[in-house]
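Structure first, then comments.
The values are calculated or read from the model by the stated rules, or taken from the named source; none is laboratory data. Everything numeric here is computed off the predicted structure, so don't read it as measured data. Cβ atoms come from the backbone with ideal geometry, glycine included; neighbour counts cover every protein chain shown.
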Amino acid sequence: MSEQYEAIVIGGGPAGLTAGLYLMRGGIRTVLLERVLPGGTPLNTGRIENYPGFPEGISGRELMERFTAHAKAFGLPVREFAEVLSVTRQEGLFTVTVNDGALTARGVIVASGTEPVRMGIPGENELVGRGISYCATCDGMFFRDLDVAVIGGGDSAIEEALSLANIVRKVYVVHRRDALRAQKILQERAFRSPKMEFLWNRRPVEIAGSQQVERLVIEDTKTGRREDLPVSGVFVYVGSRANTGFLGDLVERDPAGFIITDEGLATATPGLYAAGDVRKKTLRQVSTAVGDGAAAAVGLERYILGTQQ
Ligand code: NAP
């Protein structure tokens, strides 16, 4: 016999926790399923400076602890280590299968976020955890006073390169173009850092080392010339992929795999909403995830109560 709810929220990041909070306040019997522990991507962010209300900034961990406590204060059950394996819908009822059972509900909000994309170059899979990392906040301290490379030119790459610069001896930022995609304020800080060196128009082609990372091989995108960069660590930030494998054909996706929603964050399946980074959108930040969580929850509440406009 499966557990029955009115709504199930999948994912415990800022979007999911906000959706859960709104649903509970709306009197909708809800459960939130989280693959590991609540908090989502911001748990890996040292300091968040662009979430309003915290003029001095706040650590990603503390902000997410507050989000979790806030949702729980309104009675939201947060089920940890509940990995969703599949979502199906039959006769207006969703069945969500998790690692230890199944739950049913009239509506589901998918807020399952993203995971880092791998570069797919030789040595990457072999040396993950042995010098290759996708989280400087988690692993940076292992590289104290050593030289490391950061791959990518987006917000994640530059934010994490700045946090690494407080720990390591030198940070090489390897970027395939000659201009960064990251926010201007991050770029300005990075250009001011004496520990950072920018290697423009270079793409990584191999990571080498017998037991640990010893060097990164990079190629000049204009001349094709290859060179060895002796580094102990390689931090990869070349984008993210949406976690939607468990949804099958219930949603439409854009070519990059992000879920397509309408203005009210409804997907192609009635009663199924998407919120946060997992959704096709132009800006992925805590502030936009919060807005998504609220909008999806109100949309689902109206769907359940039959008061949609
Ligand atoms: P992103 O914005 O997609 O940037 C990925 C970077 O990797 C780009 O510079 C891209 O180069 C480069 N790249 C892509 N494929 C590559 C490859 N195969 N080899 C080498 N380089 C490659 O990803 P992100 O930085 O992880 O950010 C994801 C989202 O989260 C964004 O919307 C971002 O704004 C948001 N975010 C926000 C904050 C914040 O507000 N503080 C912090 C982190 C992330 P090109 O530039 O040439 O395409």
Exercise for the section: Sort out which residues of the range 183-208 are farther than 21 Å from residue 138 by Cα, aliphatic (A, V, I, L, M) and within 12 Å of the ligand (Cβ to nearest atom), and write them in order of number. Expected result: 185, 199, 205
Practice task
Kindly indicate the residue of the range 168-182 that is of a type in the set (A, V, I, L, M, F, W, C) and touching a Leu at 6+ places or on another chain (Cβ under 9 Å) and also farthest from the ligand (Cβ to nearest atom) among those meeting that condition.
Solution key: 168
Problem - Where a residue in the range 1-30 is on the phi > 0 side of the Ramachandran plot and its partner, wherever it lies, is of a type in the set (Asp, Glu) and assigned to a helix (DSSP H, G or I), with Cβ under 9 Å and at least six apart - result: 27/301
Practice task
Just give me the residues in the range 117-154 being of a type outside the set (Gly, Ala, Ser), crowded, with 18+ Cβ neighbours inside 10 Å and within 15 Å of the chain's Cα centre (by Cα), in sequence order.
Solution key: 134, 137
Exercise for the section: Assess whether residue 276 counts as being surrounded by 15 or more Cβ atoms within 10 Å (Cβ to Cβ), touching a residue at least 40 places away in the same chain (Cβ under 8 Å) and not assigned by TED's automatic domain parsing to the domain that holds residue 129. Expected result: yes
Practice task
Consider only pairs whose beta carbons are under 8 Å apart and that are at least six residues apart or on different chains; among these, list those whose first residue lies in the range 53-65 and is within 21 Å of residue 21 (Cβ to Cβ) and whose second residue is in a loop (DSSP other than H, G, I, E, B) and of a type in the set (Gly, Ala, Ser).
Solution key: 59/46; 60/39; 60/46; 61/39; 64/13; 64/39; 64/40; 65/39
Handout entry: Residue tally, condition within 12 Å of the ligand (Cβ to nearest atom), among the hydrophobic types (A, V, I, L, M, F, W, C) and within 17 Å of residue 67 (Cα to Cα), over the range 277-294
Key = 2
Exercise for the section: Determine which single condition residue 255 fails, assuming it passes every other condition in (1) over 22 Å from the mean Cα position of the chain (by Cα); (2) at pLDDT below 95. Expected result: (1)
